[in-house]
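Written below as structure tokens is the structure these notes are about.
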Amino acid sequence: MQFSIKSGNPEKQRNACIVIPVFSGRKLSRPAATLDKATKGAIKQHLKREDMEGDVGDLLWLYDLDDCFADRILLVGCGAERELTAARFKKINHAVAKALNKSGAADAASYLTGIDNKSLNLNTLIRLSVLSIEEALYIFDQYKTTKKKPKRPLRKLTLNVSSRRYLDKAELAMHEAKGMAAGVKLARDLGNMPPNICNPTYLARQAKQLQKTYPALDVEILNENEMKDLGMGAFLSVSQGSAQPGKLICMHYNGIGKDAGKPIVLVGKGITFDTGGISIKPSQAMDEMKYDMGGAASVFGTLQACMDMQLPVNLVGVIAAAENMPGSNASRPGDIVTTMSGQTVEILNTDAEGRLVLCDALTYVEKYDPEVVIDIATLTGACIMALGHHATGMLTNTSSLGRKLENAGEVINDRLWELPLWDEYGEQLKSNFADMANIGGRPAGTITAASYLSKFTKNYRWAHLDIAGTAWHSGKNKGATGRPVPLLTEFILQSLK
Ligand code: BES
Ligand code: MN
Ligand code: ZN
């Protein structure tokens, strides 16, 4: 989609279509009032005659109004003005994008960005618009030999601002929005790739590819021998069951001088397929375990977004890439391995593999002397039980970091909810034979998983994001969401302020 920014009255726009917001109770937004005046009250009349209240989800097409250049107008219900939230605004834009794409109008001017208020400023509205519209029109059809596309898809969308004074600010917001949206798309594409193609080696090649596009990126890929030399016994116990070799993918973006600031380090779980290993999963919906590299995908997406925006930040992305298969060399329940940290782990369930690859990656990243470390992982089914598909689970050893992440998620509508990381939960990980077990029983599965990871993150500020419920949609609309790229990118943007 080609986005641009403009200011000016709606009746004067020479687009095929203009999009005009209306609030509940037929309350006219500022742009709607301007258009109503120019068309001698036609907007109010139509709202009444066609019985449109302005509630969220209401859409009304008007054609060929006098005194208006565009031949069609899409009136969009936005609900009560005071109840407008980021979530609602995204939902509204989503519906508008779908309607425009079907309508045959190749270009449109949206005035939805003209309804900024105290809690949703112009900058946020522009970013939410671009994110939700790109999200709505996303398709993944690389592997379809016949492609289903609308005859005249929407190609150009102008976002209008209420005054020329805001143009510069709006352009900057647009620039950020495009970077974020492209990062989300990259994460979705990687997630949706089939697992026979998207294996650890593919992800490593992806890193090299990113380096070609962004020469500021350093890429180093550790193979299994190198990991063995580092003592990464936990990581290797996962990849050893697969014919696909594991990779530790390290990417370093120096947006400011190497000595100018400690890096923000992102660590992504990159299990390109999770069968469960010898503790094998039931076959129901097992295909969705191709999304078990969603954390890795979000690291790629966030890195790309930050490099697109040329942010002055030092950023490291590390991906623990492996395939969890029940091969003849697979680890068994009861195996004991030694982690890079020196601590030993009794593997009681080979399906708790994410924490095994992550714990060694988390020890490894100490070498970057990080400002903070954030790991992102589709780690536990229990997280879906606790929070469903709306919030990412967050656990942290530094509450100020938690607050910042929470706030970033709130602003960009990619939300998280914190769970407690109390010592008591750690007791559940006791092993009779090693320093710890890799599972903590049924109660509080998300917390015991984080508690396990916390034994490897004592030397820095750390937050863990469990995205098991948010990285992809199941069912009819099965597909990767690209979450939490917006959350992470927003967090990094805010860390620069
Ligand atoms: N990748 C899964 C977690 C998962 C399962 C995410 C289903 C989304 C949907 C992870 O590797 C896993 O299998 N976790 C186990 C842990 C258990 C063995 C302690 C789980 O959640 O069942
Ligand atoms: Mn698993
Ligand atoms: Zn997994």
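Below is a table of values for the structure above.
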item: The stretch 266-292, subset β-branched (Val, Ile, Thr) and more than 11 Å from ligand 1 (Cβ to nearest atom), residue nearest to the chain's Cα centre (by Cα); result: 267
item: From 169, 228, 208, residue being in contact with a Leu (Cβ under 7 Å, 6 or more places away or on another chain), under 30 Å from residue 341 (Cα atoms) and either surrounded by fewer than 18 Cβ atoms within 10 Å (Cβ to Cβ) or not assigned by TED's automatic domain parsing to the domain that holds residue 302 (or both); result: 228
item: Of all residues in the stretch 337-359 being among the acidic types (Asp, Glu) and either within 16 Å of ligand 2 (Cβ to nearest atom) or without any contact (Cβ under 8 Å) to a residue 24 or more places away in the chain (or both), the one that is surrounded by the most Cβ atoms within 10 Å (Cβ to Cβ); result: 353
item: Filtered residues of the stretch 157-216 (kept if over 30 Å from residue 110 (Cβ atoms) and touching an Asp or Glu at 6+ places or on another chain (Cβ under 7 Å)); result: 199, 200
item: Where a residue in the stretch 440-459 is under 12 Å from residue 425 (Cβ atoms) and assigned by TED's automatic domain parsing to the domain that holds residue 341 and its partner, wherever it lies, is within 10 Å of ligand 1 (Cβ to nearest atom) and aliphatic (A, V, I, L, M), with Cβ under 7 Å and at least six apart; result: 445/382; 446/382; 449/379
item: Those residues of the stretch 446-478 which are part of a loop (DSSP other than H, G, I, E, B) and of a type outside the set (A, V, I, L, M), in sequence order; result: 455, 456, 457, 458, 459, 460, 461, 469, 470, 474, 478
item: Check on residue 487, surrounded by fewer than 24 Cβ atoms within 10 Å (Cβ to Cβ) and either within 16 Å of ligand 2 (Cβ to nearest atom) or within 23 Å of residue 302 (Cβ to Cβ) (or both); result: no
item: Verdict on residue 307 being more than 12 Å from ligand 1 (Cβ to nearest atom) and either assigned by TED's automatic domain parsing to the domain that holds residue 401 or more than 20 Å from residue 437 (Cβ to Cβ) (or both); result: yes
item: Residue in the stretch 329-336 that is away from ligand 2 (no atom under 16 Å from the Cβ), assigned to a loop (DSSP other than H, G, I, E, B), more than 28 Å from residue 172 (Cβ to Cβ) and modelled with pLDDT of 95 or more present; result: yes
item: Options 42, 32, 38; residue that is among the hydrophobic types (A, V, I, L, M, F, W, C) and either loosely packed, with under 15 Cβ neighbours inside 10 Å or in contact (Cβ under 8 Å) with a residue 40 or more places away in the chain (or both); result: 32
item: Unique match (being under 29 Å from residue 122 (Cα atoms) and not small (Gly, Ala, Ser)) among 404, 430, 458, 478; result: 404
item: Qualifying residue in the stretch 398-415 (condition: hydrophobic (A, V, I, L, M, F, W, C), surrounded by fewer than 23 Cβ atoms within 10 Å (Cβ to Cβ) and within 27 Å of residue 272 (Cβ to Cβ)); result: no
item: Complete set of residues in the stretch 288-303 that are crowded, with 24+ Cβ neighbours inside 10 Å and within 16 Å of ligand 2 (Cβ to nearest atom); result: 291, 292, 293, 294, 295, 296
item: From the options 420, 443, residue that is assigned to a loop (DSSP other than H, G, I, E, B) and within 16 Å of ligand 1 (Cβ to nearest atom); result: 443
item: Set 255, 246: member being touching a residue at least 40 places away in the same chain (Cβ under 8 Å) and either buried (at least 23 other Cβ atoms within 10 Å of the Cβ) or within 16 Å of ligand 3 (Cβ to nearest atom) (or both); result: 246
item: Hits in the stretch 347-367 - residues which are within 20 Å of residue 462 (Cα to Cα), within 14 Å of ligand 3 (Cβ to nearest atom) and β-branched (Val, Ile, Thr); result: 357
item: Condition check for residue 257: more than 26 Å from residue 434 (Cα to Cα) and under 27 Å from the mean Cα position of the chain (by Cα); result: no
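The values are calculated or read from the model by the stated rules, or taken from the named source; none is laboratory data. Every value quoted in this text rests on a predicted model; they were computed, and no experiment measured them. Because the Cβ atoms are built from the backbone with ideal geometry, glycine has one as well, and the counts that use them run over all protein chains shown.
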